Each structure stands twice: as structure tokens, then as C-alpha cells.
1. Please give the FRET efficiency for T38 paired with K140, using the beta carbon to beta carbon distance and R0 = 25 Å, rounded to the nearest 0.05.
2. Please report how far the C-alpha centroid of the range 23-61 lies from that of the range 65-96, rounded to the nearest whole angstrom.
3. Modelling each spin label as a point 7 Å along the Cα-to-Cβ direction, I'd like the A2/T17 distance in nm, to one decimal.
4. Consider the candidate values (i) 1.68; (ii) 1.75; (iii) 1.09; state which one is Cα Rg over 2.2 N^0.38 Å computed from the structure displayed.
5. Counting heavy atoms of the protein chains only and a 1.4 Å probe, report the per residue accessible area for the range 66-128 as a whole number of Å².
6. Would you calculate the separation in nanometres between label points at W106 and K85, each defined as 7 Å from the Cα along the Cα-to-beta-carbon direction?
7. Could you work out [θ]222 nm for the chain from helices alone, using -39500 (n - 2.57) per DSSP H run of at least four and dividing by all its residues? Round to the nearest 500 deg cm²/dmol.
8. Can you tell me the dipole magnitude for the range 1-72 around its Cα centre, using point charges on the Cβ only (Lys, Arg +1; Asp, Glu -1), in Debye to the nearest 20?
Amino acid sequence: MADLGRQVETKEAEVRTLTSEKEQLTTEVTQKTTQLHTAYYLIAPEKQLLSDLVVEKKGMIGRTLVIAEKPNMGLFTEADTRLLKTLPIGQKEVTLITSHPEGSYWLVESEENKKVIESLVILDAEQFWSLSKILVVSHK
């Protein structure tokens, strides 16, 4: 009887250890999944993006806007790529500074004023975020 009691205690200790390990792994998987699906976006006037050192001008002719080497991530809004489907913009002369595959998004024009972009709709989230987990949209 005493031998069986020790075996039960040993098995109970193993179960507690395995349960604890399972909880740790579940937490780790949840954190990694959240991290995998985290993206950052910023919608601002071009002048503000330049003054905040989020973007910089590169090239000789045309001076293309590109993301700065180390943008201030504190200015960005964090989002879950699985849940983010639409971003309201409501501005004229809208440009996506970051690279996102054509066909993975749609810029919705205002019905009253075709020059105003009402929103950005993400049609294919996996494809849209495949090149960058950062979205920077500038407007005049």
C-alpha cells in the first residue's frame, strides 16, 4: 500500500510539472503569435513625417520618400494584422510610402470629391503585410 502511495505521489508531481510546462508553452505560443501578427501604421502629412524623421528624401531626381533607417516607433499605432481591415484617411494626395503589393489593398475615393481618399481597405492581409509590417501613408 505504501509503495502504491509513493507511486501516486510521484505521478501527481509529474502531472504538476507537465501542466506547468504546458502553461508556459501555451503562453509562449500566444506571445509569439501576437508578435507575428503585430504591425504598425502611421497616417500623417508629408511635412510632419519629414520633421519627425519618420521618412527621408532619397535620390537625385524627384527625391523619393523612403522610411528612415530608425523611425520613431512611438509615433506609430500598433495593430493586429488579422483584425485590421480598413483605415480611415479622409485626405487628398495620398501616397503609401511603404511597399505593399498592388492588388492587396484598395484606396477608396470619396463619392463627393474624387480627389479625397476616404479609406484604405486591405483586401488580402497576408499579401499586404508580406513585404513590411510597417505602413506609412502620407498626404498633403
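1. 0.25
2. The distance from the Cα centre of the range 23-61 to that of the range 65-96 comes to 8 Å.
3. Each label point is offset 7 Å from its Cα along the Cβ direction, giving 2.4 nm.
4. (i)
5. Result: 65 Å² of accessible area for each residue.
6. 1.2 nm
7. It lands at -10500 deg cm²/dmol.
8. For the range 1-72, the charge dipole is close to 540 debye.
The values are calculated or read from the model by the stated rules, or taken from the named source; none is laboratory data. Owing to the predicted nature of the structure, the values given are computational and were not obtained by experimental measurement. A quick note on method: Cβ atoms are made from the backbone with ideal geometry, for glycine too, and the neighbour counts reach across all protein chains shown. The accessibility values were calculated without ligands, DNA or RNA, using every heavy atom of the protein model including side chains. Shrake-Rupley method; radii C 1.70, N 1.55, O 1.52, S 1.80 Å.
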